[in-house]
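The values are calculated or read from the model by the stated rules, or taken from the named source; none is laboratory data. The structure presented is a predicted model; accordingly, all values stated were derived computationally and were not measured. Cβ placement follows ideal geometry from the backbone for every residue including glycine, while neighbour counts extend to all protein chains displayed. The protein model used for the area step is the full one, side chains on, heavy atoms only, and it has no ligands, DNA or RNA in it. Shrake-Rupley method; radii C 1.70, N 1.55, O 1.52, S 1.80 Å.
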Amino acid sequence: MSDTEIGALREKLASRVRSDDYRQRRKDMDAAFSQYSIARDVTVEPVTANGVRAEWTSTPQDDRDAALLYVHGGGYVIGSLDSHRHLVSEAGRAARAWALALDYRLAPEHPFPAAVEDAVSGYRYLRSRGIRPGRIAIAGDSAGGGLVVAAMLAIRDAGLEQPACGWCISPWVDMEGIGETMSTKEAADPMVQKAGLLDMAELYLGGADPRSPLAAPIYADLTGLAHC
């Protein structure tokens with residue numbers, strides 16, 4: 001992507017009006033990404049994965065014995081199957097695997113650790129369908145990226161075999177915004193600002209310890225995890 005294209009993308013992202021009401025932001029996010037329709041060769045199949053609303057997306061060339069388990073971003077507060085359907089379907093295509101997107105429970109209605117519990121339920125669902133751990137990858141962006149690591153930690157602690165790998169896209173792994181670049185790169189980031197991040201962290205944690213490893217994997221012991 002050229003500098004001109006990056007500049008245009010930043011301007012587009014910065015121009016979006018962000019409501020202070022998380023319920024409106026959910027609607028706005030779904031609407032913003034609705035312009036990215038899925039390809040004609042993608043099949044969508046709604047399912048319930050051990051009690052979690054989910055959907056399969058697949059293309060004709062995908063291997064049925066492999067799966068990409070996807071957990072979307074959105075600060076654990078916004079985001080949905082609708083907002084990420086195009087991304088998930090194309091990620092599955094690139095992996096040549098069926099993709100299972102989880103509509104995990106969102107905060108503040110369902111605070112931490114509900115999202116982690118749902119991610120593990122999704123993994124158990126894939127295993128119940130006979131998909132071997134070595135043929136499963138867990139993926140996610142932003143909060144979903146942090147949830148990938150949290151899910152793998154919870155999978156380890158439950159005594160389950162690890163998936164083949166975790167794919168963390170710009171993962172959110174710190175609930176306190178302590179990184180230096182939260183300030184030094186503030187002007188360059190059109191999407192994530194510290195104040196908004198902390199607001200979402202408060203909604204997600206619901207009073208829990210912000211340094212709990214399953215909420216902030218930056219503090220976790222990663223021994224025994226598959227590669228991320």
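Within segment 109-140, how many residues turn out to be within 30 Å of Gln193 (Cβ to Cβ) and in contact with a Phe, Trp or Tyr (Cβ under 9 Å, 6 or more places away or on another chain)?
Total meeting the criteria: 12.
For segment 144-161, does any single residue satisfy the condition of being among the hydrophobic types (A, V, I, L, M, F, W, C), in contact (Cβ under 8 Å) with a residue 24 or more places away in the chain and open to solvent by 30 Å² or more (accessible area, probe 1.4 Å)?
The answer is yes; a qualifying residue exists.
Is it the case that some residue within segment 174-188 is under 21 Å from Arg53 (Cβ atoms), of a type in the set (D, E, K, R), touching a helix residue (DSSP H, G or I) at 6+ places or on another chain (Cβ under 9 Å) and open to solvent by 20 Å² or more (accessible area, probe 1.4 Å)?
For segment 174-188, residues under 21 Å from Arg53 (Cβ atoms), of a type in the set (D, E, K, R), touching a helix residue (DSSP H, G or I) at 6+ places or on another chain (Cβ under 9 Å) and open to solvent by 20 Å² or more (accessible area, probe 1.4 Å): absent.
On the basis of being buried (at least 18 other Cβ atoms within 10 Å of the Cβ), out of contact with any strand residue (DSSP E or B) (no Cβ under 8 Å at 6 or more places or on another chain) and either at pLDDT below 95 or not polar (S, T, N, Q) (or both), does Ala139 make the cut?
No.
Only one residue in Ala215, Ala195, Ala201 is open to solvent by less than 20 Å² (accessible area, probe 1.4 Å) and in a helix (DSSP H, G or I). Which one?
After ruling out the rest, the residue left standing is Ala201.
Look through segment 35-62, keep the residues that are small (Gly, Ala, Ser) and open to solvent by less than 80 Å² (accessible area, probe 1.4 Å), and return whichever of them is nearest to Asp103 (Cα to Cα).
Ala54
Gly207 passes all but one of (1) more than 30 Å from Gly92 (Cβ to Cβ); (2) open to solvent by less than 50 Å² (accessible area, probe 1.4 Å); (3) of a type outside the set (Asp, Glu); which number fails?
(2)
Among the residues of segment 107-121, what is the count of those that are part of a loop (DSSP other than H, G, I, E, B) and either among the aromatic types (Phe, Trp, Tyr) or without any contact (Cβ under 8 Å) to a residue 40 or more places away in the chain (or both)?
Result for segment 107-121: 3.
Within segment 22-34, which residues are at pLDDT 90 or above, surrounded by fewer than 16 Cβ atoms within 10 Å (Cβ to Cβ) and not aliphatic (A, V, I, L, M)?
Arg23, Gln24, Lys27
Pairs under 8 Å by beta carbon, first residue on the phi > 0 side of the Ramachandran plot in segment 40-63, partner surrounded by 11 or more Cβ atoms within 10 Å (Cβ to Cβ), six or more apart or different chains?
If the second residue must be surrounded by 11 or more Cβ atoms within 10 Å (Cβ to Cβ), the pairs left are Asn50/Ser121; Asn50/Gly122; Asn50/Arg124; Asn50/Tyr125; Gly51/Ser121.
Of the conditions (1) among the hydrophobic types (A, V, I, L, M, F, W, C); (2) open to solvent by 40 Å² or more (accessible area, probe 1.4 Å); (3) part of a strand (DSSP E or B), Ala99 fails just one. Which one is it?
(2)
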